[in-house]
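Here is the structure we will look at.
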Amino acid sequence: MVNTEISYPYRKVFEVHQYVDVRETDVIHWMGKKYRILSIELDRTQMKKVITTEEIDE
């Protein structure tokens, strides 16, 4: 609950190439929305990073 309102954070998963420089403090801007990074997992077998995010409600 936030300010006596129930909020359901919208989560989205992004996949990027392994060489993309991304940190957990970054904010992703995509399709006119902003996303806060929750976790970054490295998948070496497929040479990618899996980024779990939640939408920033402004």
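A few remarks follow.
- Sulfur and carbon atoms: percent of accessible area, the chain [1.4 Å]: 50
- With N counted as the residues of the chain, its alpha-carbon radius of gyration over 2.2 N^0.38 Å works out to 1.29.
The values are calculated or read from the model by the stated rules, or taken from the named source; none is laboratory data. Keep in mind it's a predicted model, so treat the numbers as computed, not measured. Accessible surface areas use protein heavy atoms only, side chains included; no ligands, DNA or RNA. Shrake-Rupley method; radii C 1.70, N 1.55, O 1.52, S 1.80 Å.
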